[in-house]
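Asks: One structure, pasted below without further comment.
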Amino acid sequence: MNNIRVRFAPSPTGPLHIGGVRTALYNYLFAKKQGGSFILRIEDTDSNRFVPGAEEYIIEAFKWLGLEFDEGVHKGGPYGPYKQSERKEIYKRYVDELLSKDLAYIAFDTPEELEKMRTEHPNAQYDASMRMQMCNSLTISKDEVEMRLQTGEPFVVRIKIEPEQEIHVKDLIRGDIKVNSSLLDDKVLYKSADQLPTYHLANIVDDHLMKISHVIRGEEWLPSAPLHVLLYRALGWEETMPQFAHLPLLLRPDGNGKLSKRDGDRLGFPVFPLEWTDPKSGEKSTGYREMGYFPDAVVNLLAFLGWNPGTEQELFSLEELVQTFSIERVSKSGAKFDLEKAKWYNHQYMLKKSPSEVAELLMPILKEKHISIDSTKLSQICDLVKDRVNFPSELWDQTFFFFQAPTSYDEKVVKKRWSAEMPNVLKTVASRIQNVQPFDAEKLEVEIKNYIETEQLNMGQVMNCLRLAMVGTAMGPHLHDIIELVGKEESVRRILKAAEEIK
RNA sequence: GGUCCGUUCGUCUAGCCGGCCUAGGACAUCAGGUUUUCAUCCUGAAGAUCAGGGGUUCGAAUCCCCUACGGACUACCA
């Protein structure tokens, strides 16, 4: 382990959004490429928004994706605790330090007073130009501050931003960003109500204490990055400040805007890695896992939403991504999620699976239908159809005829291919295949083709009618393979039945 | 409104330290081919005047400026 340390720091306010998963993935790839550490920290400084189950969900999601943390809430580590609500005392120390250094101040303004200030001065913010008109330790006497504190009056601590300073944020993806400090407001760092810091302070303190070397996070944090730089400076940590990289956002597939849960529901793709049931409303949202996406496919497709290797290779395992990833190749503009490409990725990973792995995917569906089958045979079946499906759920539609006889015959195909002599042709085929030894695709093909050719029948017509008998419609893998796997007895039965029933 | 970030085929993007770009690849689309069928697969086509306008230069998608558009942020949320 070297000194590269990155963290993924979600707040447990609900299920993990797929954009968050991508942020975590980029953090992971960045760290692992350099042999660094990947840390999970839970940012639960907003007690009002806590959602039960969210933390467990996050951990399970990464387990499914195969992204393993080196340190974190669920496995500890040398820089714990990794949950901000358990670090109250730590933050308090630094709040006091900022206060004593006069780099922050105590404010007593009520929500109503703040509201009033904002309506009276529409373009104003709580900053150097405004703070002397507000109720805080800068405007009231020391004694009064003391008295208010004694009586337990709620307060917040705000950072005291020095105006007219030029702040530089160095971003690994976007380069140097300059902002004048006058544009920043005196952000709340700490609230007495729950004795917790806000994101900004907790974030800086934790990243410093946990020796985070690189902060890789979503673009929505870019506007507050200058504030963070100022906080590092105020705490005397600017020398060891982590490097920043702000990732482009994941956008909705149609129109513009940030990807949201609603888009997923409307357009039919998941925005969450795993299924999530809202504990309050009971509303259920599907996940990639439940839709039949493979974790390595999700990792692969997410990696390519905003990054590419610069070569023409598009299929990467997690290990290959680790080797190839570089933060410099992350693009600057937002990426729209493309459902079709997502399906294609899943298909590619379906193709990579062995017949027995695909059989494992089909097994639960068969079990549900009370169908039992020899596992070697099932593997053979799956080998025949795996290149025809994107998701495990499509497997049944491609294989049902191996397990049960068709219950109806596709009228279109009947109309196109059937003729008066077909019943007799089928009967002859049925009797001919009785004697095929061994009963395999190769021998069956010879026998059937031989018959069609010597009798000078129409190959397309006979084969399609035979398929109609075996499958019920014009689809599926090579017919001889189907007949072999369905078996002699059942195949003959189906062919004779079709000869009787199709008119 | 203000601040910051962004803008190459429908989508993800390559290219961006200027000439090899008549802008490359992938997904999707369409057309052929393979196949007894459907799917896969193979081949090909169509698809971007590089957001628009000005510069700089012998030469710009690539550098600079302006405009437009999009997004994020603008909470005692993260």
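The values are calculated or read from the model by the stated rules, or taken from the named source; none is laboratory data. Keep in mind the model is a prediction, meaning the values are calculated, not measured. Glycine gets a Cβ as well: all are built from the backbone with ideal geometry, and neighbour counts include every protein chain shown. Note: areas computed on protein heavy atoms with side chains; ligands, DNA, RNA excluded. Shrake-Rupley method; radii C 1.70, N 1.55, O 1.52, S 1.80 Å.
Asks: Take the range A:134-158 and flag every residue that is in a helix (DSSP H, G or I) and either polar (S, T, N, Q) or open to solvent by 90 Å² or more (accessible area, probe 1.4 Å) (or both).
Replies: Looking only at the range A:134-158, we keep the residues that are in a helix (DSSP H, G or I), and these are A:142-150.
The answer is A:Lys142, A:Asp143, A:Glu146, A:Met147, A:Gln150.
Asks: Considering only residues that are under 18 Å from the mean Cα position of the chain (by Cα) and of a type in the set (Lys, Arg), which ones fall in the range A:205-261?
Replies: A:Arg217, A:Arg252, A:Lys258, A:Lys261
Asks: Same structure again: Out of (1) farther than 15 Å from A:Leu25 by Cβ; (2) open to solvent by less than 10 Å² (accessible area, probe 1.4 Å), the odd one out for A:Glu275 is which?
Replies: A:Glu275 satisfies every listed condition except (2).
Asks: Just to be sure, is A:Gln404 within 16 Å of RNA strand B (Cβ to nearest atom) and polar (S, T, N, Q)? Let's see the steps before the verdict.
Replies: Working: within 16 Å of RNA strand B (Cβ to nearest atom): no; polar (S, T, N, Q): yes.
Answer is no for this residue.
Asks: Provide a single number: the residues in the range A:308-356 that are exposed (fewer than 14 other Cβ atoms within 10 Å of the Cβ), within 12 Å of RNA strand B (Cβ to nearest atom) and small (Gly, Ala, Ser).
Replies: Counting residues in the range A:308-356 that are exposed (fewer than 14 other Cβ atoms within 10 Å of the Cβ), within 12 Å of RNA strand B (Cβ to nearest atom) and small (Gly, Ala, Ser) gives 4.
Asks: Scan the range A:56-78 residue by residue and report those that are modelled with pLDDT of 95 or more and open to solvent by less than 30 Å² (accessible area, probe 1.4 Å).
Replies: A:Tyr57, A:Ile58, A:Ala61, A:Phe62, A:Leu65, A:Leu67, A:Phe69, A:Glu71, A:Gly72
Asks: Same structure again: Listed residues A:Pro81, A:Pro122; which is open to solvent by 40 Å² or more (accessible area, probe 1.4 Å) and either outside any loop (DSSP other than H, G, I, E, B) or within 30 Å of A:Arg7 (Cβ to Cβ) (or both)? Before you say what the answer is, go through the steps one by one.
Replies: Details: A:Pro122 fails: either outside any loop (DSSP other than H, G, I, E, B) or within 30 Å of A:Arg7 (Cβ to Cβ) (or both).
It is A:Pro81.
Asks: Another question about this same structure. Among the residues of the range A:120-137, is there at least one that is polar (S, T, N, Q), over 25 Å from A:Ala225 (Cα atoms) and at pLDDT 95 or above?
Replies: First, pick out the residues of the range A:120-137 that are polar (S, T, N, Q): A:123, A:125, A:129, A:133, A:136-137.
Still in the running and over 25 Å from A:Ala225 (Cα atoms): A:133, A:136-137.
If we keep only those that are at pLDDT 95 or above as well, we get A:136-137.
Among the residues of the range A:120-137, at least one is polar (S, T, N, Q), over 25 Å from A:Ala225 (Cα atoms) and at pLDDT 95 or above, which makes the answer yes.
Asks: Can you find a residue in the range A:1-13 that is polar (S, T, N, Q) and over 22 Å from A:Ala193 (Cβ atoms)? Show your work before the answer.
Replies: The initial filter retains those residues of the range A:1-13 that are polar (S, T, N, Q), namely A:2-3, A:11, A:13.
Checking which are over 22 Å from A:Ala193 (Cβ atoms) leaves us with A:2-3.
Yes, there is a match, as at least one residue in the range A:1-13 is polar (S, T, N, Q) and over 22 Å from A:Ala193 (Cβ atoms).
Asks: Another question, then. Test A:Gly14 against the stated conditions and say whether it is at pLDDT below 95, away from RNA strand B (no atom under 15 Å from the Cβ) and in a loop (DSSP other than H, G, I, E, B). Can you show your working first?
Replies: On the way: at pLDDT below 95: yes; away from RNA strand B (no atom under 15 Å from the Cβ): no; in a loop (DSSP other than H, G, I, E, B): yes.
No.
Asks: Going through A:Phe244, A:Phe269 one at a time, which residue ends up being of a type outside the set (Asp, Glu), in contact (Cβ under 8 Å) with a residue 12 or more places away in the chain and either open to solvent by 50 Å² or more (accessible area, probe 1.4 Å) or in a loop (DSSP other than H, G, I, E, B) (or both)? Quick ask: steps written out before the conclusion?
Replies: Details: A:Phe244 fails: either open to solvent by 50 Å² or more (accessible area, probe 1.4 Å) or in a loop (DSSP other than H, G, I, E, B) (or both).
Result of the check over A:Phe244, A:Phe269: A:Phe269.
Asks: Would the range A:63-70 turn up any residue that is in contact with a Ser or Thr (Cβ under 8 Å, 6 or more places away or on another chain) and more than 16 Å from RNA strand B (Cβ to nearest atom)? Even if it seems obvious, please write down each step before you answer.
Replies: Step one: of the range A:63-70, the residues in contact with a Ser or Thr (Cβ under 8 Å, 6 or more places away or on another chain) are A:70.
Narrowing further to those that are more than 16 Å from RNA strand B (Cβ to nearest atom): A:70.
Within the range A:63-70, one or more residues are in contact with a Ser or Thr (Cβ under 8 Å, 6 or more places away or on another chain) and more than 16 Å from RNA strand B (Cβ to nearest atom).
Asks: Search the range A:172-197 for residues that are assigned to a helix (DSSP H, G or I) and pair each with any residue that is charged (D, E, K, R) and surrounded by fewer than 17 Cβ atoms within 10 Å (Cβ to Cβ) when their beta-carbon atoms are under 7 Å apart and the residues are at least 6 apart or on different chains.
Replies: Final answer for the pair search is A:Ser181/A:Glu162; A:Ser181/A:Glu164; A:Ser182/A:Glu164.
Asks: Let me ask another. Scan the range A:36-52 and report the pairs whose first residue is aromatic (Phe, Trp, Tyr) and whose second residue is assigned to a loop (DSSP other than H, G, I, E, B) and more than 12 Å from RNA strand B (Cβ to nearest atom), with Cβ atoms within less than 6 Å and a gap of 6+ or a chain change.
Replies: Qualifying pairs under 6 Å: A:Phe38/A:Phe69; A:Phe38/A:Asp70.
Asks: I've got another one for you. Considering only the range A:188-200, how many residues are open to solvent by 40 Å² or more (accessible area, probe 1.4 Å) and either more than 7 Å from RNA strand B (Cβ to nearest atom) or farther than 11 Å from A:Val157 by Cα (or both)?
Replies: Within the range A:188-200, the first condition is being open to solvent by 40 Å² or more (accessible area, probe 1.4 Å), and the residues that meet it are A:191, A:193, A:195, A:199.
Next, only the ones that are either more than 7 Å from RNA strand B (Cβ to nearest atom) or farther than 11 Å from A:Val157 by Cα (or both) stay: A:193, A:195, A:199.
The total comes to 3.
Asks: Oh, and also: Checking A:Asn424 against (1) open to solvent by less than 60 Å² (accessible area, probe 1.4 Å); (2) closer than 21 Å to A:Arg493 by Cα; (3) part of a helix (DSSP H, G or I); (4) in contact (Cβ under 8 Å) with a residue 40 or more places away in the chain, which test does it fail?
Replies: (1)
Asks: Just to be sure before I move on: is A:Pro295 open to solvent by less than 60 Å² (accessible area, probe 1.4 Å), closer than 30 Å to A:Val205 by Cβ and either without any contact (Cβ under 8 Å) to a residue 24 or more places away in the chain or more than 9 Å from RNA strand B (Cβ to nearest atom) (or both) in the structure I sent? Write out each step before concluding.
Replies: Values: open to solvent by less than 60 Å² (accessible area, probe 1.4 Å): yes; closer than 30 Å to A:Val205 by Cβ: no; either without any contact (Cβ under 8 Å) to a residue 24 or more places away in the chain or more than 9 Å from RNA strand B (Cβ to nearest atom) (or both): yes.
No.
Asks: Which condition does A:Leu209 not pass, out of (1) more than 11 Å from RNA strand B (Cβ to nearest atom); (2) open to solvent by 10 Å² or more (accessible area, probe 1.4 Å); (3) hydrophobic (A, V, I, L, M, F, W, C); (4) touching a Ser or Thr at 6+ places or on another chain (Cβ under 8 Å), if it passes all the others?
Replies: (4)
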